[in-house]
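The values are calculated or read from the model by the stated rules, or taken from the named source; none is laboratory data. Nothing here was measured: the structure is a model prediction, and the numbers come from that model. Here the Cβ positions follow ideal geometry from the backbone for every residue, glycine too, while neighbour counts run over all protein chains shown. With ligands, DNA and RNA removed, areas are computed over all heavy atoms of the protein, side chains included. Shrake-Rupley method; radii C 1.70, N 1.55, O 1.52, S 1.80 Å.
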Amino acid sequence: MSFPSNLAAAIALAALVTGTLAGRDSHAGPRAPLALVVCADPNNLPFSNDKLEGFENKLADLVGRDLGLPVRYMWLPQRRGFVRNTLKAHRCDVIMGVPSSFELARPTEPYYRSTYVFVYRKDRHLDLQSFDDPRLHHLRIGVHVIGDDYANVPPVAALAQRHIIRNVVGYSIYGDYSQPDPPARLIDAVVRGDVDVAIAWGPLAGYFARRAAVPLDVVPVSPQVDVPFLPFVFDIAMAVRRGDDTLRVRLDSVLERHRAEIERLLANYGVPLLPLTAEH
Amino acid sequence: MSGQICSRAVLLLVALIPACKGNPPPARAATSPSSSPRSVPTSGAKPIMAPAGKEWTMPSGDYAMTRFSSLDQITPANAAQLKVASTFSTGVLHGHEGNPLVVNNTMYVVTPWPNILYAIDLTKPGGAVKWVYQPNPSDRAVGIACCDIVNRGATYANGRIFFNTLDAHTVAVDANSGKEIWKVQVGNMDIGETVTMAPLVVHNKVIIGNSGAELGVRGWIKALDAGNGKEVWRAYSTGPDRDVLIGPNFKPFYPDHRGTDLGTKTWSGEQWKLGGGTVWGWVSYDPDLNLIYYGTANPGVWNPDMRPGDNKWSLTIFARDPDNGEARWAYQMTPHDAWDYDGVNENILTNIQMNGRERKVLVHPDRNGFVYTLDRETGEVITAGKFVFTNWADSINRKTGRPAENPAYRSKQGMVTRGICPSATGGKDEPPSAFSPVTGWFYIPNTNDCMDYQGLEANYIAGTPYVGASVRMYAGPGGQRGGLNAWDAAAGKAVWHIDENFPVWSGVLATAGGVVFYGTMDGWFKAVDARDGHELWKFKVGSGIVGNPMTYTGPDGKQYVAVYSGIGGWMGAVAFPDVSTDDPYTGLGVAGAIPDIKQASTMGGMLYVFSF
């Protein structure tokens, strides 16, 4: 079945004036003021926090400005059930950063690509670049661990495949949520010398390395894709509910229009950026 | 029941039912072999204490966790006449695990989060709410709990009701007035701890344990002073012996359980600090030996390759002194877990005559597909048999206590391992079995699912993209996804079994009347004959059953049977409208096993009470 395009536009507009972009399903009539409702973690810099200091907060502002919508937030720690309790529960319209292969929702086109990185103190002069560096068998290595069933960050897998296990120290990705930005404890451990090197997701490492009390090196890991197929480089997109193609298409065009501005924003936050593939 | 089914049943089981009139026909009593209906099997197990009777004061009826009641008004001859006596809406949707208590003609109901406690006056017609206690747990707990927002119930002692709240508090409430006597924080949500288990009171101590092994928390069991909630002792499941409360009186049966600080040495580096082994299942107690028994959950940091070693004391049954917490023995069912086979299931205490000698045993149907009969004085494995299709291990070596693993089914990083049975939900999960001294058998609810451990699915958490493996589950051999087994623990094998379309995620009740009750995820509450499993009666409740049936005598002297209806929990959450079954990996893989549950059950939150 296909609608005439002006009818489709009218329906899309009706959805807009009935409240959040998520809409409240099929009920007609006036609703809460128009807004773009973002589901985000209130305590997870550099991505987002409830003081609106993260780059995803800034990006939400940019999108809101372009679409002419005020931005509102639905806050929840990003843990198991995040998507189910936010986007899928129709409590918001968009998640600002997910891998572009994300299956629980519908991603937009990716707006940046980053990589896992080695992080170590400059004064250690380690010059580490590769998972195949033999020194990794002896250095004390910090990684994020998740603990969810059957799930671990790629560096853990890469180290385990090389039988680098006993000198690896896990830092809970959830951490102690009463502290600011719990995943940052991994970078703190490098600063304090609790570990010789951390292997962390680039945006997190880049941001906290810039704010560290001592100079840190942040070096993309190599290889980018380990055998048999274990990537360390990810394209990151926004995500909407599956089926919410109206919003997705609008977000895609916002991302397209502001590509350069978004790149500057990310660079300001210290996000290690790799070129996005040119397939689009 | 139609005459057609009746006549078919007569054809199939002509020996068991002489006529087919009032009573419904038997269910599939699939393998009812030589069991002569009226005789108690000679190898049958015997009770060690008086069972529940007119009242039901603790989670599983008695300290031995038998879920057996001495009430006998309901029998195979009259169960077909059971009718709904009353119903009560809890006002909460989501998974209703556990069961109500009945003390002094009052019924106590604890709901899933927000963990409301209702006292219902049974002397009033249809039952009337006497008071309501609301602990107001933090809504942050909802985002932290791994597997729905369940609560497994309360316990009663000395005029007080004790229960846990999802936001990791324990409360004591006056059973008469509903006034809060004390409320203490027992865990820290900031590091991922929640509490879902039902406490047990032993020697004026409230025994509790934490949940959250999925979030890398470190498991513990604690005793709180029932008088004021102050912590008396705490034993961790991982770490050095002083944290695990392992001292000179610790005498495990098997050599590889002996040694100093195995809670750190069987791990890589300091991974034991995030080592899981939470205590979210059931606690039982033997007053003669003065020992409590409980099991620990999966080890933390899921990737097994990152934690080489046995990962003690995850997936372990502990025997502890309830007064000071010290460990007396331990037995690890599944060393170096690669399947999520939590060891938290019930430990039912009975005595069994074996080789001319009475053994004090503990019977434990584990997630890993084996029913263990252990000597509860020593931790020795007496028998261990499979109760569902199981291929990750062939048998349990009684000399070493270790499983004879099948290496083809040990999951590995970066590989796809197909056809592992049982799946991560296990041959059964927490819903507790029952033991009937009438037959000497155990009645075990089960799940018949297998899984593919499939590497490299994109996932997402806390702004960190990662590649983990994920799990896809599907029905095991036979196609039925669950059922009920009658188990002979001395022989280590099933006597009969009933197939069910969906996993049986309800607990079981056995009565002196010779009736066994259980419920199904598609909402059938059933009574079957304890001797051969033939179906006596069933009733369709509003929402799937993941709670545990219990029984009591009302003020009118009649026997009542009560059960919660309200689908949810780990598997049951697939029925929720906001959980998609488009992706079979949803809910850690359970969606693939039961995508059709959405058609079979909607959410609910009701108590049903049945009688004549």
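On each of the three principal axes of the Cα atoms of the range A:158-280, give max minus min coordinate, whole Å, ordered largest first.
That works out to 49, 36, 26 Å along the principal axes.
Going 7 Å from the Cα of B:LYS558 toward and past its Cβ, which residues in the range B:102-128 have a backbone nitrogen under 18 Å from where you end up?
The answer is B:105-107, B:121-128, whose backbone nitrogens lie closer than 18 Å to the label point.
Just to verify a number: FRET efficiency for B:ASP139 and B:ASN176, C-beta to C-beta distance, R0 = 35 Å, to 0.05?
Plugging the Cβ-Cβ distance into 1/(1 + (r/R0)^6) gives 0.70.
Roughly how large is the A-B contact in terms of buried accessible area, totalled over both chains, probe 1.4 Å, nearest 100 Å²?
In total, this chain pair buries about 4700 Å².
Label A:LEU274 and B:LYS540 with points 7 Å out from Cα along Cα→Cβ: what is the distance between them in nm?
It works out to 5.5 nm between the two label points.
For B:ILE48, B:ILE396, what's the largest-to-smallest order of accessible area, 1.4 Å probe?
Heavy-atom accessible area, descending, gives B:ILE48, B:ILE396.
Kindly list the residues of the range B:119-151 that lie in the label zone of A:ASP50, defined by a backbone N under 11 Å from the point 7 Å along the Cα-to-C-beta vector.
Within reach of a label on A:ASP50, which here means backbone N under 11 Å from a point 7 Å along Cα→Cβ, the range B:119-151 contributes B:140.
Would you jot down the residues in the range A:220-258 that end up with at least 20 Å² less accessible area in the complete protein assembly than in the chain alone, with a 1.4 Å probe?
A:PRO228, A:PHE229, A:LEU230, A:PHE234, A:ARG242
Is there a simple number for the mean count of other chain Cβ atoms within 10 Å of the Cβ of residues in B:185-192, and what is it?
Across the residues of B:185-192, the mean count of other-chain Cβ atoms within 10 Å is 4.
Sum -39500 (n - 2.57) across every DSSP H segment of at least 4 residues in chain B, then divide by the residue count to get the 222 nm mean residue ellipticity, nearest 500.
Computed ellipticity for chain B at 222 nm equals -1000 deg cm²/dmol.
Out of the total accessible area of the range B:502-556 (probe 1.4 Å, heavy atoms of protein only), what percent is carbon and sulfur?
51
So with the 1.4 Å probe, I'd like the accessible area per residue for the protein assembly as shown, rounded to whole Å².
Numbers: 30200 Å² over 892 residues.
Using a 1.4 Å probe on heavy atoms only, each residue of the protein assembly as shown averages 34 Å².
So how many Å³ per residue does the convex hull of the Cα atoms of the range A:137-222 work out to?
103
When the accessible area of the range B:170-282 is split by element with a 1.4 Å probe, what percent falls to carbon and sulfur?
Ligands and nucleic acids excluded, carbon and sulfur give 49 percent.
Have a look at the range B:289-435 and give its Rg and Dmax from the Cα atoms, expressed in angstrom.
Spelled out, the Cα radius of gyration and Dmax of the range B:289-435 are 15.3, 51 Å.
Suppose we look only past 18 Å in the calculated P(r) of the range B:289-361. What percent of the Cα-Cα pairs does that tail hold?
Value for the range B:289-361 (Cα pairs over 18 Å): 50 percent.
Using a 1.4 Å probe and counting only protein heavy atoms, arrange B:LYS526, B:LYS493 so the residue with the most accessible area comes first.
Details: B:LYS526 20, B:LYS493 125 Å².
The ordering from most to least exposed comes out as B:LYS493, B:LYS526.
Taking the range A:33-169 on its own, what percent of its Cα-Cα pair distances exceed 18 Å?
Percent of Cα pairs beyond 18 Å in the range A:33-169: 66.
Please work out the FRET efficiency for the pair B:ASN78 and B:ARG242, using the Cβ-Cβ distance as r and a Förster radius of 60 Å; give the result to the nearest 0.05. List each step's numbers first, then the result.
Working: r = 57 Å, r/R0 = 0.95.
Given R0 = 60 Å and the Cβ-Cβ separation, E is 0.55.
Computed FRET efficiency, Cβ-Cβ of A:ARG257 and A:HIS90, R0 22 Å: what is it to the nearest 0.05?
After rounding, the FRET efficiency stands at 0.20.
Just to be sure I follow: if Rg is taken over the C-alpha atoms of the protein assembly as shown and Rh is the Kirkwood radius over the same atoms, what is Rg/Rh?
0.98
Express the relative contact order of chain B as a whole percentage, based on alpha carbon pairs under 8 Å and six or more residues apart in sequence.
So the answer I get is 16 percent.
Quickly rank B:268-276, B:93-101 as a protection proxy: mean count of other C-beta atoms within 10 Å, highest first.
B:93-101, B:268-276
When the expected Rg is taken as 2.2 N^0.38 Å, what fraction or multiple of it is the alpha-carbon Rg of chain B? Let's see the in-between values first.
Values: Rg = 22.4 Å, N = 612, 2.2 N^0.38 = 25.2 Å.
Taking the Cα Rg and dividing by 2.2 N^0.38 Å, one obtains 0.89.
Report the Stokes-Einstein translational diffusion coefficient (µm² s⁻¹, integer) for the range B:130-226, Rh taken as the Kirkwood radius over Cα pairs, at 37 °C with viscosity 0.692 mPa s.
242
Over the range B:75-136, with every protein chain in place, what whole percent of the accessible area is carbon and sulfur at 1.4 Å, could you tell me?
Here carbon and sulfur together make up 52 percent of the probe-accessible area.
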